[in-house]
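Computed from the coordinates by the stated procedures, all read-outs in this text should not be read as laboratory data. These numbers were taken from a predicted model, which means no experiment stands behind them. Reconstructed Cβ throughout: ideal geometry from the backbone, glycine too, with neighbour counts over all protein chains shown.
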Amino acid sequence: MYVFVMRRILFYIPVLIGVSMAVFGLARLVPGDVVDIILSHVQMPEQAARLRSLFGLDKALHEQYFDWLGHTLRGDLGTSLFSGRPVLTEIWTALGPTMELAFTALLISVLVGIPLGVLAAVKRGSALDYASGFVAYLGISTPVFWSGTILILFFSIWLNVLPSGGYESLWSSPVQGFRLLIMPALALGLNFAALLMRVTRSSFLEVLRQEYISTARAKGLSERVVLFKHAMRNAMITIMTVAGVQLGFLIGGSAIVEIVFMRPGIGRLLLTAVLRRDYPLIQGLTLFIAITFMTVNLIVDVMYAVADPRIRMKI
Amino acid sequence: MKRLLGRRGRGSQIIPGGFLVLLVIFAALLAPQISPRSPSTIDSGRQLESPSGGALFGTDNFGRDVFSRVIHGSRISLGIGLVSVFVATVIGSLLGLLAGYYGRWIDWGVMRVMDVLFSIPSILLALVLMGILGSSLTNLAIAISIVYMPIFARITRGEVLSLSSRDFIEASRSTGARDLHIMWRHLVPNVLPLLIIQMTINLAFAILAEASLSYLGLGTQPPAPSWGRMISEGRIYLGEAPWMSVFPGLALMLTVIGFNLLGDGLRDRLDPRLRE
């Protein structure tokens, strides 16, 4: 197991180096540099030259890369060109609201998607199966920014029961924080639930076809034990893999949901950074998102190996 | 009804999916003929009118006809979707072909670049790319193509790897066929069905990506009638004129459902790996 985890980590190292080069290259791809952005509208060649040497922009490209990498490895991601605050502080502040949203959405999608998927697989061909299949198509095809808008229309404008946007921390004001979290988490969670439901249904159907299930039934085990003890364990492997691959969907989706509901968070921070061309912040965020996403994938890989011992042997 | 929604009769989703897709193509091709008004005509006397016989989907804050804008929006969605998926397919599968066929360092290099692209959630990668490239229709297509390229590279590479070890490729090689000949005559035709399925499914994603970026204000610029942008423009008027956001969203959803159904149906019918 230990060897397996180490091998997976080693696999991600070249990718991580690639990501760091890409992120470094980001700011160099655009015409002009940071100094041009700071000193836009003014002509100050002397100051510009001084700033360039201050930022190390007059060095060779590979020197700049290693300088940047060195700072990054020490946790220094630079400062935002607009707020003047360290990039890491900006990310840290935005992380809380995004985590609240992503975890609640994940919880909703697991609670809705997996049981519905199991039900659809067990009652295969029934009206319930078709109905849930249809709803899943709707769920997958509806962009979160539109379902979010429709939720606002119903619950904030017509029924006037929930606030249409904003953010309060769940820790400092639980009630209002929760009221503000419901709609964004639903918009995102139901979207992901549709995906989980489809995966659960197909992997359950796959598992139920296998011989050991017939054996379990023939032994006289109750249907509940067969489904939730025997079938679930194997079906979960596929569900976890697919869900893991699609987690990016959840991370990306939360960014859009944040904009719809005017919540602070990683996605909103990235959008503002992009709109303002705040390169240190864009670089820091991209690196952060890539590392988070890779870590999540690594965890999924490991969980996958825990659930299915055969995987550990193969790789 | 069961047949229409059914997922068991293999590939029966092709019918409703194909119907929706044809409807959108029809709307895009005949947009000027179908729309009662021009999508950009501003009429200050008819602002925020609710849907009626005069304006089927109502009018927006500039008095523009929402129905005409939704119809014209199909051109942007389909246009950007098709162009970007086509570019992603051509470049991605070419890279995958080279990686799978030649192996060694080409394979390693190409696939690591693809891994890097894969390591950032697609919509966020597109967002960052738009930030670098700047907002325009061409850049929108470029950004979306880059985001979806790795999928095609991976699929093609995997297929090429498994085909390369098969007898007919060995046979062709032993008769002295050139690499280019083997790739073009033997590998490409075998990978094509898979690519077509993947293109259809990814069209749904590309259309969603275009709409999302336009919603965020990074894609198409006003007054272009992009569905994503229309939904975001309607956000402020949601209380007084919900039709401004509701109808473009419905059009977007139906289009995406259409491509999803069609893609899944094609996969069930054509994917050799699913053939029993």
Exercise for the section: Any chance you could list the semi-axes, whole Å, largest first, of the equivalent ellipsoid that the Cα gyration tensor gives for region A:162-315, using √(5λ)? Expected result: 39, 21, 12
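Among A:253-264, A:66-77, how do they line up from the highest to the lowest mean number of other beta-carbon atoms within 10 Å? Don't skip to the answer; put the middle values down first.
Values: A:253-264: 24.2, A:66-77: 13.6.
The packing order, highest mean first, is A:253-264, A:66-77.
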Exercise for the section: For chain B, with a Gaussian network of springs between Cα atoms less than 10 Å apart, report the residue from B:ALA171, B:ALA126, B:ALA88 with the top mean-square fluctuation. Expected result: B:ALA171
Handout entry: Rg to Rh quotient for chain A, alpha carbon positions, Kirkwood Rh
Key = 1.07
Fill in the blank from the handout: Longest principal axis of chain B (C-alpha) makes with the long axis of helix B:137-164 (C-alpha) an angle, in degrees to the nearest 10, of 30
Exercise for the section: Would you mind checking which residues have amide H under 5 Å from A:THR79's amide H? H placed 1.01 Å from N; only 5 or more apart, or other chain. Expected result: A:VAL87
Practice task
Taking the Cβ of each residue in A:THR215, A:THR104 as the centre, tally the other Cβ atoms inside 10 Å and list the residues starting with the fewest.
Solution key: A:THR215, A:THR104
Problem - Shielding score for A:138-144, defined as the mean number of other chain Cβ atoms within 10 Å - result: 6
Exercise for the section: Using a 10 angstrom cutoff on alpha carbons, build the Gaussian network for chain A and name the most mobile of A:LEU51, A:LEU88, A:LEU111. Expected result: A:LEU51
Problem - chain A: angle of helix A:174-208 to the longest principal axis, Cα-based, in degrees nearest 10 - result: 50
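Mind sorting A:VAL296, A:VAL274 by how few other Cβ atoms lie within 10 Å of their own Cβ, fewest first?
Working: A:VAL296 15, A:VAL274 23.
Ordered by Cβ neighbours within 10 Å, fewest first: A:VAL296, A:VAL274.
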Practice task
With the Cα gyration tensor of region B:36-107 in hand, give its eigenvalues times 5 under a square root as the equivalent ellipsoid semi-axes, listed largest first in whole angstrom.
Solution key: 48, 9, 8
Completion exercise
Within the set A:ALA127, A:ALA193, A:ALA105, GNM on chain A using Cα springs under 10 Å gives the largest fluctuation to A:ALA127
Practice task
Sort all Cα-Cα distances of the protein assembly as shown into consecutive 10 angstrom bins from zero, then give the percent of pairs in each bin up to the one containing the longest distance.
Solution key: 3, 14, 24, 27, 19, 9, 3, 0, 0
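With r as the distance between the Cβ atoms of B:PHE19 and A:PHE228 and R0 = 45 Å, compute the FRET efficiency 1/(1 + (r/R0)^6) and round to 0.05.
Numbers: r = 40 Å, r/R0 = 0.88.
Calculated value: 0.70.
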Exercise for the section: Express in nm, to one decimal, how much length is gained between A:MET303 and A:GLU206 on full extension, taking 0.36 nm for each residue of separation and deducting their alpha carbon distance. Expected result: 32.9 nm
Practice task
Determine ³J(HN,Hα), in whole Hz, for all residues of region B:190-204 in sequence, where each value follows from phi through the Karplus function 6.51 cos²θ - 1.76 cosθ + 1.60 and θ = phi - 60°; x replaces Gly and Pro.
Solution key: 6, 8, 3, x, 4, 5, 5, 4, 5, 5, 4, 5, 6, 4, 4
Completion exercise
Rounded to the nearest Å, the spacing of the alpha-carbon centers of region B:200-276 and region B:32-72 is 20
Fill in the blank from the handout: Here, A:TRP158 and A:SER83, labelled 7 Å along Cα→Cβ, have an inter-label distance in nm of 3.7
Fill in the blank from the handout: The whole-number value in µm²/s of the Stokes-Einstein translational diffusion coefficient for chain B, with Rh from the Kirkwood sum over alpha carbon pairs at 20 °C and 1.002 mPa s, is 105
Completion exercise
Computed over chain A: longest principal axis from alpha-carbon atoms vs helix A:279-307 long axis, angle to nearest 10 degrees, is 30
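Tell me, A:ASP301, B:ASP179 in order of fewest to most beta-carbon neighbours within 10 Å? Please report the intermediate quantities before stating the final value.
Details: A:ASP301 22, B:ASP179 12.
Lowest to highest Cβ neighbour count: B:ASP179, A:ASP301.
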Handout entry: Rough spin-label spacing in nm, given labels placed 7 Å along Cα→Cβ, for B:SER162 and B:TYR102
Key = 2.5
Problem - Tally of Lys pairs whose C-alpha atoms are under 29 Å apart, taken over chain A, 8 or more apart or cross-chain - result: 4
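Can you give the average number of partner chain beta-carbon atoms within 10 Å of each beta-carbon in peptide B:216-224, as a whole number? It would help to have the intermediate numbers written out before the result.
Values: counts 9, 4, 3, 0, 0, 0, 0, 0, 0.
Across the residues of B:216-224, the mean count of other-chain Cβ atoms within 10 Å is 2.
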Practice task
Would you mind calculating the relative contact order of region B:169-276 from Cα pairs under 8 angstrom and at least 6 residues apart, reporting the percent as a whole number?
Solution key: 28
Handout entry: Distance from region A:243-300 to region A:43-116 (C-alpha centre basis), Å
Key = 11
Practice task
Mind jotting down the three principal axis lengths of region B:125-167 based on Cα atoms? Whole angstrom, largest first.
Solution key: 49, 16, 9
Fill in the blank from the handout: Per the 1/(1 + (r/R0)^6) rule, R0 = 25 Å and r from the Cβ atoms of A:VAL296 and B:PHE86, FRET efficiency to 0.05 is 0.20
Exercise for the section: With a point put 7 Å past each Cα toward its Cβ, work out how far A:LYS219 is from B:SER44 in nm, to one decimal. Expected result: 8.0
Completion exercise
Per the helix-only model, chain A has a calculated mean residue ellipticity at 222 nm (DSSP H runs of ≥4, -39500 (n - 2.57) each, divided over all residues, rounded to the nearest 500) of -24500 deg cm²/dmol
Practice task
Take peptide A:275-283, look around each residue's Cβ out to 10 angstrom, count Cβ atoms belonging to other protein chains, and average those counts.
Solution key: 2
Practice task
Express the Stokes-Einstein translational diffusion coefficient of region A:220-310 in µm² s⁻¹, to the nearest whole number, given a Kirkwood radius over alpha-carbon pairs, 37 °C and a viscosity of 0.692 mPa s.
Solution key: 209
